[in-house]
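Nothing in this text is a laboratory measurement; each read-out follows from the coordinates by a stated rule. Keep in mind it's a predicted model, so treat the numbers as computed, not measured. Methodologically, a virtual Cβ is constructed for each residue, glycine included, from the backbone with ideal geometry; neighbour enumeration extends over all protein chains shown.
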Amino acid sequence: MPQPEHSLRPAAETFEYAGCQITVVGFDEIVAAAAADQPVELLRGAALPPGIGSARLSFSTRARDGDPVYRLDASLRIGREPQPAFGVLGRDPVGLLLARRAAARDDWGVRVVGGVGAAGSGVSRWLGRPPAPVREEQPVRSVARTDPATGLRATVTYHRPPSRFAGGGPLVTVQASVPSGQMSPRHLAAMLGVVLDIAGRAAGGDGPHGEYVLSRYPMGPSSGADAAERVTLDQVGGLDAVVAQFRQIAVSFQHPQVMARWGARRPQGILLYGPPGTGKTMLARALAAEIGATFREIRTPEILDKWLGGSERNIKRIFRDARRYREPTVMLFDEFDSIISYTGAGMDAASQAINAVAGIFKQEMNDLIEHNPNVIVVATTNFPERVDDSLIRSGRFDIKLAIPRPDHSGRAQIIAKMIRQLMTRHETAGFRMFADDIDVDGLATASAGMTGADLKEALRRAQLAKAMQEARTGAAPTPISQHDIAGHIAELVIR
Ligand SMILES: Nc1ncnc2c1ncn2[C@@H]1O[C@H](COP(=O)(O)OP(=O)(O)OP(=O)(O)O)[C@@H](O)[C@H]1O
Ligand SMILES: [Mg+2]
């Protein structure tokens, strides 16, 4: 039997810097996530030393002269955040428009949102992205700092304080690059050490102290929703062949020139079918993350309209918009059959409307990729037999993949991934979420017939039971054990 302790719990290392303890949790996960071309925010929600308005630390990869390098970017607001020059990004029409544009990663929206200062940084925080610096903050002075333990060379740049009108304290940014072969947890800790050291000097008094955790899932009020949204392919369990194919699709999507040179056409539509809760929607989201694309989900009510001609207009509008997306976009038609299924020879108005929608969908899918290479369509269904063949013929949906219930080893993989993720996200030096007796194989056996969604529910119940126990009694319960999870799995088994 594999050593559960080694296979599940992410490696954590603790270092001392600037009088603080810095623990790096799940370093390999951090590196893998950044390799998917997504900067990983490592410090969101951390308790900051008094006198520090905000601090962030992000980790990303990029190529320099053909070689990959890791890039560390940090920023520190000394004193309070600058105030908005006007208005607050609220639930007024402009605020909502900006928020929506920012959520759609629209550059224009993000720039404008950045321009409104603190309100903008609120939106950025909500989106899990760094606040855009206020325009007046020109860099005035840069100094180099070297960490003797790692050789990490960081450039510290001090910026002119924001205008008197905006108020707020000065901004300090820190930047360092590390060749990929040298990157280690200690480099991450050293970078935060530099930031904490600056914070300590700036804040005076006692300076920073205490414990900081750097992980892919930082703690904090905004991290819950964000982290839940950000699903990646490496979180998908038991579907290795599908995940491998999705990675290939992402590569083809990211290299349109290479595809064009060979006259190769990448897939424009992917149909995922299988029972509920097996990970179809999750895969679509993860594909968007892998590509670095915006995720746009089209739900049934957005299309189906009780008024004559309404549904046809809606589907036409959806595709007209899709042809204009300037950013890479994964469009998901979730529960495709309910939107566009042939009900047979139904002559009633509802069947006719659905048939009309299906007809438009077919036409639009014929040449979407020619009109807009930025879009890829994913459709999911539990009832493939209800979807008309002509809709999903090759050319429209080039790839059709069955997503079955996981088998024994699939369930074991899903459970291991879920538990590892929870540990990375929630465990700290002083808090153990799971006991050492977790036997993934045993849980896979106990959960025969269950899907990923069921396994997630069993774990959710286990977490809730412990949290409620602590909330009721005020005393820390024992970590979640094999027995606990097995009990929750048994509750869910339909006899
Ligand atoms: N293969 C899997 N690997 C990891 N997690 C999974 C897997 N399948 C399901 N899950 C978990 O279950 C949740 C629900 O799955 P998801 O919504 O993707 O199912 P679905 O196939 O779209 O179901 P439905 O057909 O009902 O829409 C996911 O968010 C994920 O947490
Ligand atoms: Mg789904």
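For a quick check of your reading of the filter: which GluC sites (Glu not before Pro) in the stretch 226-329 sit in a DSSP loop and have no more than 15 other Cβ atoms within 10 Å? Write out the running numbers ahead of the final one.
On the way: sites: E229, E290, E297, E302, E312; in loops: none.
Here no GluC sites (Glu not before Pro) fit, given the DSSP loop and packing criteria.
Taking 0.36 nm per residue of sequence separation and removing the Cα-Cα distance, the T300/R153 pair yields an extension gain of 47.6 nm. Remark on R160: its backbone amide H falls under 5 Å from those of Q138, V140, a criterion applied only to residues 5 or more positions apart or on other chains, H modelled at 1.01 Å from N.
Our coupling estimate for the stretch 187-200, obtained by passing each phi through the Karplus curve with A = 6.51, B = -1.76, C = 1.60 and θ = phi - 60°, is 5, 4, 5, 4, 5, 5, x, 4, 4, 5, 5, 4, 4, x Hz, Gly and Pro reported as x. For the peptides 178-185, 457-464, the ranking by packing is 457-464, 178-185, with the highest mean count of neighbouring Cβ atoms within 10 Å listed first.
Taking a ≥ b ≥ c as the square roots of the Cα gyration tensor eigenvalues, with a/c under 1.5 meaning rounded and otherwise prolate when a/b beats b/c, else oblate, which class fits the stretch 368-495? In terms of gyration-tensor shape, prolate.
For a test of the definition: using alpha carbon positions, the gyration tensor, and the 1.5 limit on a/c, classify the stretch 152-210 as rounded, prolate or oblate. Before the final figure, lay out each step's value.
Working: a/c = 3.79, a/b = 1.64, b/c = 2.31.
Oblate, since a/c reaches 1.5 and b/c is not below a/b.
Can you figure out the FRET efficiency of W307 with R386, using R₀ = 30 Å and their beta-carbon distance, to the nearest 0.05? Mind showing how you got there, number by number?
Working: r = 24 Å, r/R0 = 0.81.
That gives a FRET efficiency of 0.80.
What is the stretch 256-329 by shape, rounded, prolate or oblate, if you read a ≥ b ≥ c off the alpha carbon gyration tensor as root eigenvalues and call it rounded for a/c under 1.5, prolate for a/b larger than b/c, and oblate otherwise? Cα axes put the stretch 256-329 in the oblate bin.
Amide H contacts of A435: I480, S481, each under 5 Å away and 5 or more positions distant or on a separate chain (H built 1.01 Å from N in the peptide plane; Pro and chain starts excluded).
I'd like the FRET efficiency for R141 and A448, computed as 1/(1 + (r/R0)^6) with the beta carbon distance as r and R0 of 51 Å, rounded to 0.05. Mind dumping the intermediate values first?
Details: r = 64 Å, r/R0 = 1.26.
For R0 = 51 Å, the calculated efficiency reads 0.20.
Note on R265 and D407: the model spin-label points, each 7 Å out from Cα along the C-beta direction, lie 3.5 nm apart. Between S481 and L464, the simple label model (points 7 Å from Cα in the Cβ direction) yields a spacing of 2.3 nm.
Rounded to whole numbers, the Karplus 3J(HN,Hα) couplings from phi for the stretch 362-379 are 4, 4, 5, 6, 4, 9, 4, 5, 5, 6, 8, x, 7, 10, 10, 10, 10, 10 Hz, using 6.51 cos²θ - 1.76 cosθ + 1.60 with θ = phi - 60°, and x at Gly and Pro.
Each of R324 and A435 was given a label point 7 Å from its Cα along the Cα-to-Cβ line. The distance between the two points is 5.9 nm. Here's the list of lysines a cross-link from K316 could span, going by alpha-carbon distance under 19 Å and ignoring same-chain residues fewer than 8 apart: K306, K362.
How much length, in nm to one decimal, is gained on full extension between S163 and S177, taken as 0.36 nm per residue of separation minus their Cα-Cα distance?
On the way: separation 14, 0.36 × 14 = 5.04 nm, distance 3.10 nm.
Contour length minus Cα-Cα distance gives 1.9 nm.
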